[in-house]
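Engineer: Okay, here's the structure, questions in a sec.
The values are calculated or read from the model by the stated rules, or taken from the named source; none is laboratory data. Keep in mind it's a predicted model, so treat the numbers as computed, not measured. Neighbour counts run over all protein chains shown; Cβ positions are idealised from the backbone, glycine included. Just so you know, the surface numbers come from the protein's heavy atoms only, side chains and all, with ligands and any DNA or RNA stripped out. Shrake-Rupley method; radii C 1.70, N 1.55, O 1.52, S 1.80 Å.
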Amino acid sequence: MNNIRKIAIIGAGISGMALAILAKRKGFQVCVYERNHNISSIGAGITLWPNAMFVLEKMGLSHKIEYVGGHPTFIRQFDKNGTQKSELNIEEVNALCGASSVTILRRHLMKILHEALEDVDVKIHFNHPIATQEIDKIREDVDLVVGCDGRMNSSVRQYLYADGASPQYQGFINIIGISQLTGNLSDHAIQDYRFNNDKEKQERFGIVPIKNGLCFWAAAWRTDMNKKKPLSDWYHEMHQRFRLWPESVQNVLKNYDKASLNRIFVHDLDPLPYWHKENVLMIGDAAHAALPTSGQGACQALEDAWHLMQCLDNEGNQKNEMDLHSLLTQFFQKRISKTTTAQIIGRQVAQQIFRAQTEPDIAAKRISAQQLSHLWMQGLEGI
């Protein structure tokens, strides 16, 4: 019988807080452990595509997200000289999905989730890292332990996969930041600049508008992972690499908030054959971290929280007779195809960007609004 009432959540990121909100609203007892001393705002910004906004609407948070966020209209791809190569109409995709797309600073999204968590009277235990060897003790005191502890140092993933399942460096770096510009960017379009026709240089610069001139961005290039190199040297290299790129790139680089800069050696995970053992489960990046080139990291984390709660909710009579293993297996089977697709797409797009090629990149022209809407809303239809 499914008699789950007490849930311990390890990690107060997007998936962890979303799950805690949903679970508490359904009457579960929830305890959240977070290794940091406050809510993390690492990461400049996030694009919440229609599948993420679908979940946030179900959570009653979409209006707050829409208020502070921006509404992108197009994705436009350019070469390093500013010549447009392709365009995707985001508003057309939104109409097909029946939900909006919103760009938002990560810190604003996290603040909204944290406030919603406080509204349902769930307190986060900050400064409380959970080591792998502590999980056995925690799982004795609750009905379910859910690891939402991220891609790089997940204790729960290490607990489930003692012999492996480590994140893999995919050969490129992201420098991310936030810039405040004068006036709005061109008709609220996401701008994607790429250069990969040189054997020595494969580079990308992406600019994502929010509103009122605020944007977040990422500068990326292929490189060996060198953690000893000072951050100031990485930032200097960024300016050197992109100094001759179009005016919009220069404008962003002249107006960024220095405190927002971060250097990320980009890792992801291979698809894993299972996400749970007994009453310990992992979701979000801990289970299926995709490259940022997938555009689906936060979106899939939110979907995980939503679908898990659908599986655990005892209000559905058909679920009352299922044991925990069956429920968690059902959840995994519901999610694995879509999260694996996000991982694969992330790697495919990264390969297109970060490998030298002589043919123009026409990848963005190959997917239609109809195909993209079907991909994003898969598994959410009829819910």
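Engineer: Got at least one residue in the stretch 61-80 being touching a Phe, Trp or Tyr at 6+ places or on another chain (Cβ under 8 Å), within 21 Å of Val122 (Cβ to Cβ) and open to solvent by less than 40 Å² (accessible area, probe 1.4 Å)?
Structural biologist: So far as the stretch 61-80 goes, no, none of its residues is touching a Phe, Trp or Tyr at 6+ places or on another chain (Cβ under 8 Å), within 21 Å of Val122 (Cβ to Cβ) and open to solvent by less than 40 Å² (accessible area, probe 1.4 Å).
Engineer: Collect the residues in the stretch 231-251 that are assigned to a loop (DSSP other than H, G, I, E, B) and among the aromatic types (Phe, Trp, Tyr), keeping them in residue-number order.
Structural biologist: Selection gives Phe242, Trp245.
Engineer: Taking the condition closer than 16 Å to Leu312 by Cα, touching a residue at least 24 places away in the same chain (Cβ under 8 Å), touching a strand residue (DSSP E or B) at 6+ places or on another chain (Cβ under 6 Å) and of a type in the set (Gly, Ala, Ser), does Ala12 pass?
Structural biologist: When the stated conditions are applied, Ala12 does not pass them.
Engineer: Would you check which residues across the stretch 228-257 are more than 24 Å from Gln77 (Cα to Cα) and free of Cβ contacts under 8 Å to residues at least 24 places away in the same chain and list them?
Structural biologist: Lys228, Lys229, Pro230, Ser232, Asp233, His236
Engineer: Right, something else. Could you please find all residues in the stretch 37-95 being among the polar types (S, T, N, Q) and over 28 Å from Gln370 (Cβ atoms)?
Structural biologist: Residues satisfying the conditions are Asn38, Ser40, Ser41, Asn81.
Engineer: Just give me the residues in the stretch 216-227 being touching a residue at least 60 places away in the same chain (Cβ under 8 Å) and under 22 Å from Leu181 (Cα atoms), in sequence order.
Structural biologist: Within the stretch 216-227, Phe216, Trp217, Ala218, Ala220 qualify.
Engineer: Among the residues of the stretch 234-242, is there at least one that is of a type in the set (D, E, K, R), surrounded by fewer than 21 Cβ atoms within 10 Å (Cβ to Cβ) and over 26 Å from Gly171 (Cβ atoms)?
Structural biologist: no
Engineer: Any chance you could count how many residues in the stretch 81-100 are open to solvent by 40 Å² or more (accessible area, probe 1.4 Å), under 24 Å from Ser248 (Cβ atoms), touching a residue at least 24 places away in the same chain (Cβ under 8 Å) and not acidic (Asp, Glu)?
Structural biologist: 3
Engineer: Go through the stretch 252-366 and tell me which helices (runs of 4 or more DSSP H), entirely inside it, have 1 or more residues that are within 26 Å of Ile176 (Cβ to Cβ), at pLDDT 95 or above and of a type in the set (Asp, Glu).
Structural biologist: Once the helices (runs of 4 or more DSSP H) in the stretch 252-366 are filtered for at least 1 residues that are within 26 Å of Ile176 (Cβ to Cβ), at pLDDT 95 or above and of a type in the set (Asp, Glu), what remains is 285-288, 297-312.
Engineer: Just checking, does the stretch 95-117 include any residue being farther than 29 Å from Met152 by Cα and of a type in the set (S, T, N, Q)?
Structural biologist: Scanning the stretch 95-117 turns up at least one residue that is farther than 29 Å from Met152 by Cα and of a type in the set (S, T, N, Q).
Engineer: Here's something else I'd like to know. For the stretch 10-46, which positions are of a type in the set (Ser, Thr, Tyr) and surrounded by fewer than 24 Cβ atoms within 10 Å (Cβ to Cβ)?
Structural biologist: Listed by number, the residues that qualify are Tyr33, Ser40, Ser41.
Engineer: If you take the residues in the stretch 243-266 that are over 24 Å from the mean Cα position of the chain (by Cα) and open to solvent by 70 Å² or more (accessible area, probe 1.4 Å), which one is farthest from Asn81 (Cα to Cα)?
Structural biologist: Only one residue tops the list, namely Lys254.
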